[in-house]
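Notes to accompany the following structure.
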Amino acid sequence: MTTHHPTAPDLTGRTALVTGATRGIGLAVARKLTACGATVLLNYAHDEARAAEAVRSLAGLPGTAAAVRADITDPAALDGLFDEAERRLGGLDIFVHNTSYFRPSATLGTAPDTVDRSLAVALRPLLAGAPRLAELMAGRPGRIVAISSAGARRVVPRYVSAGIAKAALESLVRYLAVEFAGRGVAVNAVSAAKVDKGDGSVPAEVAKAIVGRTPGGRLTTPEDLADAVALLCTDEAAWLQGQVLVTDGGLGLVAG
Ligand SMILES: NC(=O)c1ccc[n+]([C@@H]2O[C@H](COP(=O)([O-])OP(=O)(O)OC[C@H]3O[C@@H](n4cnc5c(N)ncnc54)[C@H](OP(=O)(O)O)[C@@H]3O)[C@@H](O)[C@H]2O)c1
């Protein structure tokens, strides 16, 4: 006899907003939250057709999903995104800030504007959004999760603008955690090194080298990060504050 277990953890009735959720890691997070029963808003900025496809791909899961267009670097659009969350969901239990901005370049010669944009994308939704999130999460066991990367702490070749932005993002997570803790809202980050999105973006040689060094013996997938986000959304994770959950099969633990 087969026993049906609902997808764990059970987030039935929770509401969530995920930035940059129409592909890659953001979509995996949205899929996991929807599979766990949450009502999820998928934010995106440009590609409407892909957003519609992303929403379609979540049909039939226990929760519900809808897409909302807003360029989170535009202050008015960001405000509009929170208005939309309030209008459609009434309030928020979960906010996942996933979007990042990255243009590969060596550190010497990197245009300061590129760093400014990476910083704006990383910080603005949480910094400008914090008062809105405080309102939207009032009286709820809120969860704010930022998606970070190994480049926050280690020098990844040609990753300088995003690396600086992720370091700032992890610092902001700690500052916000202290001020949100008394409101019953937990603020944390989930981080990974290279993620295999199944789109050929990890060249075979690179994949082989990473797998060889990873104690867990495979590449990290978007679903690994999505599972870590869902864990942070459980009631049992309420006392975790300001932490960076490194989701990498142990890769970051080994030297070399
Ligand atoms: N990929 C990796 O190997 C890796 C490793 C570790 C950590 N991470 C982190 O994981 C996160 C997601 O990475 P990813 O590679 O999955 O990203 P991605 O595939 O490039 O997805 C980007 C998403 O963000 C949206 N977006 C882009 N600019 C936006 C803006 N200004 N406002 C609102 N939405 C915007 C895109 O929609 P539109 O195109 O419609 O705008 C899309 O939904 C990032 O924080 C990244 O640093 C990635």
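Rule-based calculations on the coordinates, nothing more; no lab input. Note that the structure is predicted; figures quoted are calculated from it, not measured. No Cβ is skipped: glycine too gets one built from the backbone with ideal geometry, and neighbour counts run over all protein chains shown.
Observations
- Close amide H partners of THR220, meaning residues 5 or more places away or on another chain with modelled amide H under 5 Å apart, are ASP196.
- Sorted fewest first by neighbouring Cβ atoms within 10 angstrom, TYR44, TYR175 come out as TYR175, TYR44.
- Choice from ALA38, ALA65, ALA207 showing the highest fluctuation, given a GNM over the chain with Cα pairs closer than 10 Å: ALA207
- Two-decimal Rg/Rh across the stretch 15-246, once Rg and the Kirkwood Rh are taken from alpha-carbon atoms: 0.95
- Farthest toward positive dipole pole in the chain [+1 Lys/Arg, -1 Asp/Glu at C-beta], among ALA134, ALA76, VAL254: VAL254
- Take the Cα of LEU108, step 7 Å toward its Cβ, do the same at ALA49, and the gap between the two points is 4.3 nm.
- GNM remark for the chain: springs join alpha carbons under 10 Å apart, and the peak mean-square fluctuation among GLU236, GLU53, GLU223 falls on GLU236.
- Amide H contacts for ALA189 (H built 1.01 Å from N in the peptide plane; partners 5 or more residues away or on another chain; cut-off under 5 Å): ALA146, GLN243, VAL244, LEU245.
- At R0 = 45 Å, FRET efficiency that the Cβ-Cβ distance of ARG124 and ARG218 yields, to 0.05: 0.85
- By the count of neighbouring beta-carbon atoms within 10 Å, fewest first, ILE147, ILE164 end up ordered ILE164, ILE147.
- Sequence of THR22, THR12 once ranked by neighbouring C-beta atoms within 10 Å, starting from the fewest: THR12, THR22
- Table column - 3J(HN,Hα) (Hz), the stretch 7-21, Karplus curve with 6.51, -1.76, 1.60, x for Gly and Pro: 4, 8, x, 7, 10, 3, x, 7, 10, 9, 10, 10, 7, x, 10
- For the stretch 218-247 versus the stretch 104-172, the gap between their alpha-carbon centres in whole angstrom: 17 Å
- Here each label is just a point 7 Å from Cα along the line to Cβ, and for ALA238 and THR7 those points are 2.5 nm apart.
- For VAL96, the amide hydrogen comes within under 5 Å of the amide hydrogens of LEU17, VAL18, THR19, VAL145, counting only partners 5 or more places away or on other chains and with H modelled in the peptide plane.
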